[in-house]
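Peer 1: Okay, handing you the structure first.
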Amino acid sequence: MKISSAPIGALVAGLLVAAGAAAAQPLPGDLLVADGLSGAVLRIAPAGTLSTFVTVPGVTAFAAGPMGTWIAGAGTALVLVSPTGGLSTVRSGSPILEVTAVVAERSGTVAVLDGRTRTLYRYIPGGALNTLFSGPPLQAPNALAIDRNGDFLVSDGPANAIFRITAAGGAYLVSNRPELRGPTGVSLDNAGG
């Protein structure tokens with residue numbers, strides 16, 4: 001695993017990463033939207049103004065948390081935009097093959113879902129990448145949410161199911177009702193599930 005830091009607009013871990021003039025954390029009420037074609041994460045202010053928050057080639061997912069905004073790009077790269085606008089990139093390559101979702105945890109760590117290897121990882125700032133769960137029953141997991149207890153909900157399109165993965169590493173079926181046909185997202189309400 002390679003960890004590097006660089007100023008905005010630099011070549012980071014083989015990716016040309018650029019940010020808008022004010023890459024600091026989004027303000028309350030801002031909406032962030034990933035544009036997969038341009039690689040931009042766009043910021044839409046409550047007044048409707050549009051600006052580029054950061055550009056990461058191949059952006060696939062992002063999540064804001066206490067450490068900043070985590071952005072997955074180019075399949076295996078994790079980019080962190082700090083609250084002050086600084087940029088850090090973790091490029092793991094192997095074992096991560098295809099980041100399909102990220103969730104920032106309250107502790108400052110980030111959970112990374114790899115759809116190709118069917119693995120849920122936890123990245124700890126400073127370099128550690130721990131496997132939380134891998135393999136069956138997951139077929140092609142594509143979305144991730146975290147509940148108030150620190151357990152993860154994972155949607156899996158081909159399995160037509162939602163699974164709960166506990167912090168201890170157990171996987172449990174939440175739902176595979178006939179109405180679920182290729183779920184592509186999962187979220188919790190304000191109560192936190």
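The values are calculated or read from the model by the stated rules, or taken from the named source; none is laboratory data. No experiment lies behind these values; they were computed from the predicted model shown. Because the Cβ atoms are built from the backbone with ideal geometry, glycine has one as well, and the counts that use them run over all protein chains shown. In case anyone asks, the SASA skips ligands and DNA or RNA and just uses the protein heavy atoms, side chains included. Shrake-Rupley method; radii C 1.70, N 1.55, O 1.52, S 1.80 Å.
Peer 1: With the requirement that a residue be open to solvent by less than 40 Å² (accessible area, probe 1.4 Å), without any contact (Cβ under 8 Å) to a residue 40 or more places away in the chain and touching a strand residue (DSSP E or B) at 6+ places or on another chain (Cβ under 6 Å), what does region 162-174 give you? So that I can check it myself, show each step before the final result.
Peer 2: Kept after step one, since they are open to solvent by less than 40 Å² (accessible area, probe 1.4 Å), are these residues of region 162-174: 162-163, 165-166, 169-171.
Okay, now just the ones that are also without any contact (Cβ under 8 Å) to a residue 40 or more places away in the chain, so 162-163, 166, 169-171.
Result: Ile162, Phe163, Gly169, Ala171.
Peer 1: Take Leu138 and decide whether it is open to solvent by less than 40 Å² (accessible area, probe 1.4 Å) and under 17 Å from the mean Cα position of the chain (by Cα).
Peer 2: On the way: open to solvent by less than 40 Å² (accessible area, probe 1.4 Å): yes; under 17 Å from the mean Cα position of the chain (by Cα): no.
The answer is no for Leu138.
Peer 1: Right, Thr131: open to solvent by 10 Å² or more (accessible area, probe 1.4 Å) and either at pLDDT 85 or above or closer than 23 Å to Asn176 by Cα (or both) or not?
Peer 2: Taking the combined requirement at face value, the residue satisfies it.
Peer 1: Restricting region 62-72 to residues that are in contact with a Pro (Cβ under 9 Å, 6 or more places away or on another chain) and open to solvent by less than 10 Å² (accessible area, probe 1.4 Å), which is nearest to Gly115 (Cα to Cα)?
Peer 2: Of everything passing the filter in region 62-72, Thr69 is nearest to Gly115 (Cα to Cα).
Peer 1: Out of the residues in region 141-159 that are crowded, with 16+ Cβ neighbours inside 10 Å and among the acidic types (Asp, Glu), state the one that is farthest from Thr60 (Cα to Cα).
Peer 2: The residue in question is Asp151.
Peer 1: Right, here's the next one. Which condition breaks for Asn130 when tested against (1) touching a residue at least 12 places away in the same chain (Cβ under 8 Å); (2) not in a loop (DSSP other than H, G, I, E, B)?
Peer 2: (1) is the only condition that Asn130 fails.
Peer 1: How many residues does region 41-61 hold that are open to solvent by 10 Å² or more (accessible area, probe 1.4 Å), free of Cβ contacts under 8 Å to residues at least 40 places away in the same chain and either assigned to a loop (DSSP other than H, G, I, E, B) or not polar (S, T, N, Q) (or both)?
Peer 2: Adding up the residues that qualify gives 11.
Peer 1: So Val99 clears everything in (1) over 20 Å from Pro57 (Cα atoms); (2) within 13 Å of the chain's Cα centre (by Cα) except one condition, right? Which one?
Peer 2: Among (1) over 20 Å from Pro57 (Cα atoms); (2) within 13 Å of the chain's Cα centre (by Cα), Val99 violates only (1).
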